[in-house]
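One structure below.
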Amino acid sequence: MRKHFFLLIVPLTLCSMHPINSNTHRKHEPDGTKDYATAVLKYSGTIEGYANVNVGIRVVLDTSIGLRYEVTYSGPVTSHVAIFYKFDKPYQTIFYNYLKHTSKVIKKEGSANEPDVSIIGKETISNYACTHLQHSNENETQDYWMSTSVPGFKQVSNVLNRIDASLKIMVINQSIFNWGGLVKLKMKAVEKGGQSTTFTLNLVSAQAGIPVNLAEFEVPTN
């Protein structure tokens, strides 16, 4: 189960870790259902349990170029990694480690089946009207709060639908984006012996239709 949590975090792309002020204004204009060519989403969260880790995620996309998904985490171990996906090379993603300055090409891994989710209800999270979804099994519970008002939601959903699911660009259940953009995620796993690990992630800012540097989608060469 520990491996699952690190897979969830490490193959993401997000902002460099900086302290997040709990009073930070969450930008969520314009409306997420409108068509824009670009979007930038930022998340902040924590892993608590076998290790206490601060997590940062930044997603950048351009509907004519591709997607960059970046993750940083700090705690007992510090890491900064990213996945790059471009439409002109639809059958691969590139995993880059900023600390080791290494890259790896990831190709199709066979079929991918998304687990079923249940609708728990409607809730308001950070001023977003959300649908609360849940997937659970004997050892793990995953809760997602999704909103169609998240700027960039439509772009993210359209881009993910164009990506071969077997590439597994994101370990989280991609079917959740049928209900909107991710506002909050909470995952709790219980390992043998009863030790539990909780991963919580919250949307910090979401912007659509803003200028994005083309260099964002290029894998570093050093």
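The numbers here are math on the coordinates, done by the rules we state, and not lab data. Only a predicted model underlies this, so the values are computations on that prediction, with no experimental measurement involved. Positions of Cβ are backbone-derived with ideal geometry, glycine not excepted, and every protein chain shown enters the neighbour counts.
What ranking, highest mean first, results for peptides 64-71, 189-196, 127-134 when packing means the other Cβ atoms within 10 Å averaged over each residue?
Values: 64-71: 21.4, 189-196: 11.6, 127-134: 17.9.
So the order, starting with the most tightly packed, is 64-71, 127-134, 189-196.
Please turn the phi angles of region 117-124 into ³J(HN,Hα) values with the Karplus equation 6.51 cos²θ - 1.76 cosθ + 1.60 (θ = phi - 60°), one per residue in order, whole Hz, x for glycine and proline.
Each residue of region 117-124 in turn: 10, 10, 7, 8, x, 10, 9, 9 Hz.
Holding the Cα-Cα limit at 20 Å, pick out from Lys42/Lys89; Lys122/Lys184; Lys100/Lys186; Lys107/Lys188; Lys104/Lys154; Lys42/Lys122 the pairs that are longer than that. Can you show the working numbers first?
Details: Lys42/Lys89 25 Å; Lys122/Lys184 13 Å; Lys100/Lys186 30 Å; Lys107/Lys188 29 Å; Lys104/Lys154 29 Å; Lys42/Lys122 23 Å.
Violating the 20 Å limit, Cα to Cα: Lys42/Lys89; Lys100/Lys186; Lys107/Lys188; Lys104/Lys154; Lys42/Lys122.
Starting at the first residue of region 206-222, write each ³J(HN,Hα) from the Karplus equation 6.51 cos²θ - 1.76 cosθ + 1.60 with θ = phi - 60°, in whole Hz, x for Gly and Pro.
Residue by residue, region 206-222 yields 9, 9, 10, x, 9, x, 10, 5, 4, 5, 4, 9, 9, 5, x, 9, 10 Hz.
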